[in-house]
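Worksheet: the structure to be examined is printed underneath.
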Amino acid sequence: MAGGGGGGVSPLGPAPPMWYHRDLSRAAAEELLARAGKDGSFLVRDSESVNGAFALCVLFQKHVHTYRILPDDEGFLAVQTSQGVQPKRFKTLPELVSLYLQPSQGLVTTLLYPVDREETAVTDDRDYSDGEDEKPPLPPRSASTSTPPGQDTPTESTPAANGLSTISHEYLKGSYALDLEAVKQGASTLPHLNKTLVASCKRLNGEVDKVLSGLEILSKVFDQQSAFMVTKMIQQSVNQGGDQELENLVTKLAILKDLLSSIEKKALKALQDMSLSSPCSLPPLSMRHSKAIPVQAFEVKLDVYLAELTKIGKSQKYTLSVDVEGGRLVVMKKVKDNQEDWTAFTHDKIRQLIKSQRVQNKLGIVFEKEKDKSQRKDFIFASAKKREAFCQLLQLMKNKHSNQDEPDMISIFIGTWNMGSVPSPKSVASWVLCRGLGKTLDEMTVTIPHDLYVFGTQENSVCDREWVESLRAMLKEQTELDYKPIAVQTLWNIKIAVLVKPEHENRISHVGMSSVKTGIANTLGNKGAVGVSFMFNGTSFGFVNCHLTSGNEKIARRNQNYLDILRLLSLGDKQLSSFDISLRFTHLFWLGDLNYRLDMDIQEILNYINRKEFEPLLKVDQLNLEREKNKVFLRFAEEEISFPPTYRYERGSRDTYVWQKQKATGMRTNVPSWCDRTLWKSYPETHIVCNSYGCTDDIVTSDHSPVFATFEVGVTSQFVSKKGLPKSSEQAYIEFESIEAIVKTASRTKFFIEFYSTCLEEFKKSYENDSQNSDNVNFLRVGWSNKQLTTLKPLLSEIEYLQDQHLLLTVKSVDGYESYGECVLALKSMIGSTAQQFHTYLSHRGEETGNIRGCMRVRVPSERMGTRERLYEWISVDKDDTGGPKGKPTMVSRAGHEYVKQSVVRKQLGELGKVSEEGERSGKEETAARPKQDTTDGDSSIGKNSYNNPAYYILEGVPNQSAAAISPELLPSPTSSNPQAAKAPPPSASARTKPPPATSGPPHPRRPMAGHPACAISEEVSPEGDGGACMTGAQGGGVTVTVGSTLNRPPPDFPPPPLPKGALEMVLEAPFTKPRPLYPDLAEVRIPPAGSGGPLALGEGFRRGGVGSGALDDQSCSVLQMAKTLSESEFPGQPPRAPSAPPPLRGQPMGLGLDACRTFPPRNPITESIAEDMPEEALWGSSSSSLSVGESSVGEWLQRLGLERYEQGLLHNGWDDLEFLSDITEEDLEEAGVLDPTHKRILLESLMQQQQK
């Protein structure tokens, strides 16, 4: 319960009033008030910014006004007032509200209509487990919850700051009198006070135990005298309780003080003694028992041109032998008479590996020859899996023999398994070796140890210590390494254990653990989540293992479970409390039994499984559908699923699914489903690749199969500047020219921005926004000019350090200091002398709340420009493959964040690691712009685009060879005064045929599911994507855009359909002599001011690919889509400026090409509160057309109906003549952007009336 109360009185009075909504979110509060719709409607909720405070929300003239109610030191409540105004103090909330029910009390309006909370009936959902009948499982007897083995500390989520004061209040309010009575009767102890102190120190007790356990080994080595006491205290802490607990805490603190004050001196003396007695030092622990990796040989063929092939006579066979331990690659060619010609290359002579995008098993290797020349040879492997195994081995060899002290890249194993409340079998080797079904590792690399192992289990009845020891024993058997547990966290039978290679143990820091209950009434721990977080050198990691509500029909409960965990799990940097855990870590992995099911008839499911046709099932997977609606896992990624559903099998076999169970309440159906999943979310422009994702087929003790996933992840070191702290002349700066945000809110308060980063000494704040307007009551556009934005000074100024840093932004209100949206930006692409654009989405509490864009630059002094190639940049993707095999379109990634690259990537960054290739194959030695996320299994790996990148809509669905010709024609000229001049005309009106469908390429998938981005190419779809058609940047302004290899470029908001066929044909016929740059210079573009509405362009009528009937009944609305539309209504090509309009903000993001990509319909039908406002609020902005074709009776007809906004969509879909509109259907109208059922009915009825005339 939030807040304190004067003199121990509850701030809510005897019972919580109905207008008090507890932890209701700000956005949900605004929706409730908007639904109420009356001026003076109000409610009170908990403050999101201050623990123990409240927020009074009042509706007035369609806007929501928020007032903070703060408790003072004495627990009295008062509405926050302006400086100098004496606040009125109250003991309880009802007293405070009763005052403001009276007129003229200083609020914007009198409180008139309370908005009551919706009381939900408590139902017995029997949410235990599908395998359990009547009772939920009891928590394990050993309530050990967090920690490395040997520690038993509580694992509840960190309580609110006011929790301790509440305990004290309770003592003073009640137990104090009992102690007083006992003293009067002669007692010499105060048991109730002791109990209160023990409860207050519970967290401190746990932290002291952690520190003592961490120092126990050191004390045994260097201070045997203290070691005995430390070990004794740790053992006592397990069994302590009651009166002894407080006494033990004091003793432990004394021991800890003595140990810390003396350990360093004693360690120094011990090491000095050792150095005198043993001159030969032992090898590092990590080197003593590591398993040697044998030499691996790969049979390949040399890939040659046809001309070369005629000289050779036939394709040559080679053997590539990788000696990881020796650090060399032997290339052996078989010649006549069984003789062999071989050449050995040491690891430093292998300059680059270049993967083919089109041919999955083709790899180019660039070797360094004498005199700094290089030679490239292309080899064809037996399979794509063999190629990936070869690349992994070479990367391992590079890493092993690198002269760098710290790794650039690590490998992570993640496993999730619902054990079904029975012990695991003796061997689960197939789980850790990723053997089974789906995307698996090659046998050559399957035994290579990973750097981190993360095991998440549900319904695991094994005690913590036994479970961890069994995992360590299994890993030692497979790898001959003694893995170290760095964290174990338990909530009832939900466990997560993280083990690390011994050599990395000292690279792990800032370990945190937490848990959240989501069982019945959020009080039972049979469902919920456990989490672990830590830093690996300079990279932050978070891991969440959850077990969500079961039952086919309980989708909403599962969604709410996820949101509760996202909000309540206490992990990561405490300074980032404004951000949910999805933004607190460089990489966040979410695994577990998510319990989402398949919405399909059981027999159909079984038929598809028998035929191994998983795609139709994935289209009805509840998790995929909910992600598509942005209800859960916003911008998370999941590797493509290519294994059968992992639940519900018959125990003892993997041949049969058991989908019916007789229960007391009747027959229960559990259709086979992918309940067990692994998803991840990473910061933009980071490196992460999923190398495997599958399930075992030989572990049969549970009705779930264990699931595994492995990742290759880029990490950063704790950077140490070789030049020391920067002088004033060598200081780097992060400078903003302007920022504009659009947030979903009915409030009209002022806002400021907070900036957080590990490269900043402390967080920084901007001033209040200096521009603000709204075209819709539910959205607000706010802007900051450069005068309002502070210049940020990073701690270090080296470019090598800054290109690994990220900046977290949160938009907060001045009235309540609550966040209205958060985002993350990568500094890497912002480095340079000119300002670069950024544009990304805002989210809060797991949902989209708007978007933000602006111009910024990271200025690095020339003295600090030195950099180096990272190991993960060593592999690139070949761009000379322009085609691709025909087939189904690849899925779109949800990895990272919606993030739009700025206009040009500078050469100095883009060419990091790019080799200068000379030699025999100069014609093929160019390397492509490196993809932002590498692929290994046929998924597209390049061309992450975004809704606000003009190139995305122009190139989508266009063959590669025509991309260069099309983009200049469809982009508006920077100097053109006629924005329509650059648009493709619609099909000719003389063609008396029904217009072609809007999609000319393959159909879009229903759900982006793969872990890699994709490119939808007309007729041909490259399995790994195609650099030509999908690059966000292009060769503009003479600068070749080259980006680091597998960097995690954020995905598009959604894949729009290809261009209309007619428009495409007309564009392809147009001759182009010189392509214009895709992004002109900022100075060449004049941004129209706010309010200058412009015509819509091609795109309004396009439907979002992949939204099917399953999504049409959902009444959610894409905030980002609506905010984007409002944002872009200011930026049509180049319309005339209104005389009274204010000048544009300096450096404001360009409106380049926005006519060609704006105003797509939202993902789903719009919610009531917003839909009601649409007609009069002009939600989609001005959209009257001035196209020559548009000045027909179609435009006049729409204008007469008041629906002229749909004119452009109809025109660009070919409906340019009323004579043919009589054939239009509801589906055609939807494709043209008419999604409102009322508007469709009006249009169709009007056409019927015209026909009757």
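Net charge around residue 572, counting only other residues with Cβ within less than 15 Å of its Cβ (Lys, Arg = +1; Asp, Glu = -1)? Walk me through the numbers before you get to the answer.
On the way: positive: 567, 574, 584, 681; negative: 573, 580, 822.
With Lys, Arg at +1 and Asp, Glu at -1, the neighbours total +1.
Treat each spin label as a single point 7 Å out from the Cα along the C-beta direction, and report the residue 211 to residue 1227 distance in nm. Computed distance between label sites residue 211 and residue 1227 equals 6.9 nm.
The string of couplings for the stretch 389-397 from the Karplus curve (6.51, -1.76, 1.60, θ = phi - 60°) is 5, 4, 4, 4, 5, 5, 5, 4, 5 Hz, one whole number per residue in order, with x for Gly and Pro. Residues in the stretch 403-500 average 31 Å² of solvent-accessible surface per residue, probe 1.4 Å, ligands and nucleic acids excluded.
Backbone amide hydrogens, once placed in the peptide plane, bring residue 113 within less than 5 Å of 41, 42, excluding anything fewer than 5 places away on its chain.
Quote the charge dipole size of the stretch 457-530 about the Cα centre in Debye, to the nearest 20; the model charges only the Cβ of Lys and Arg (+1) and of Asp and Glu (-1).
For this selection, approximately 320 debye.
Taking the Cβ-Cβ separation of residue 72 and residue 718 as r and a Förster radius of 60 Å, what is the calculated FRET efficiency to the nearest 0.05?
Numbers: r = 43 Å, r/R0 = 0.71.
With a Förster radius of 60 Å, E is 0.90.
For the stretch 738-796, the carbon plus sulfur part of the accessible surface works out to 45%, probe radius 1.4 Å.
Using mean Cβ contacts within 10 Å as the protection proxy, how do 738-746, 62-70, 637-645 order, highest first?
On the way: 738-746: 25.7, 62-70: 19.8, 637-645: 23.7.
Highest to lowest by the protection proxy: 738-746, 637-645, 62-70.
The distance separating the Cα centre of the stretch 178-197 from that of the stretch 381-442 comes to 60 Å.
Amide H contacts of residue 673: 646, 647, 648, each under 5 Å away and 5 or more positions distant or on a separate chain (H built 1.01 Å from N in the peptide plane; Pro and chain starts excluded).
At a 10 angstrom cut-off on C-beta neighbours, averaged per residue, how do the peptides 1241-1248, 799-806 rank from highest to lowest?
On the way: 1241-1248: 14.6, 799-806: 22.0.
Per-residue Cβ counts within 10 Å, averaged per peptide and sorted highest first, yield 799-806, 1241-1248.
Taking 7 Å steps out from each Cα toward its Cβ at residue 750 and residue 1200 produces label points 5.1 nm apart.
Taking amide H positions as modeled 1.01 Å from N, with prolines and chain starts lacking one, the residues under 5 Å from residue 540 and 5 or more places away or on another chain are 586, 587.
So, R0 is 25 Å and r is the distance between the beta-carbons of residue 771 and residue 49; what FRET efficiency does that work out to, to 0.05? Don't jump to the answer; show the numbers that get you there.
Working: r = 24 Å, r/R0 = 0.97.
Result of the calculation: an efficiency of 0.55.
Phi angles of the stretch 582-592 translate, via the Karplus equation with coefficients 6.51, -1.76, 1.60 and θ = phi - 60°, into HN-Hα couplings of 6, 10, 8, 10, 4, 9, 10, 10, 10, 10, x Hz per residue; Gly and Pro are given as x.
Leaving ligands, DNA and RNA out of it, rank 563, 1198 by accessible area with a 1.4 Å probe, largest first.
Values: 563 50, 1198 0 Å².
Result, largest first: 563, 1198.
Sequentially through the stretch 349-355, phi angles give Karplus couplings (6.51, -1.76, 1.60; θ = phi - 60°) of 8, 9, 7, 6, 10, 10, 7 Hz, Gly and Pro residues having no value and appearing as x.
Taken along the Cα-to-beta-carbon direction at a fixed 7 Å, the label points for residue 372 and residue 250 span 7.3 nm. Calculate the FRET efficiency for residue 262 and residue 421 from the Cβ-Cβ distance with a Förster distance of 45 Å, rounded to the nearest 0.05. E between residue 262 and residue 421, to the nearest 0.05, is 0.40. For residue 115, the solvent-accessible surface computed with a 1.4 Å probe is close to 20 Å², ligands and nucleic acids excluded.
Taking 26 Å as the cut-off for C-alpha to C-alpha distance, list the pairs among 661/681; 527/681; 38/750 that go past it. Mind dumping the intermediate values first?
Numbers: 661/681 36 Å; 527/681 23 Å; 38/750 23 Å.
Correct reply: 661/681.
Applying 0.36 nm per residue to the separation of residue 477 and residue 62 and subtracting their alpha-carbon distance, the gain on full extension is 142.7 nm.
The values are calculated or read from the model by the stated rules, or taken from the named source; none is laboratory data. Quick caveat: nothing in here was measured; it's all calculated off a predicted structure. When we count neighbours, we look across all protein chains shown, and the Cβ atoms used for this are built from the backbone with ideal geometry, even at glycine. We work out accessible area using only protein heavy atoms, side chains counted, and drop any ligands, DNA or RNA first. Shrake-Rupley method; radii C 1.70, N 1.55, O 1.52, S 1.80 Å.
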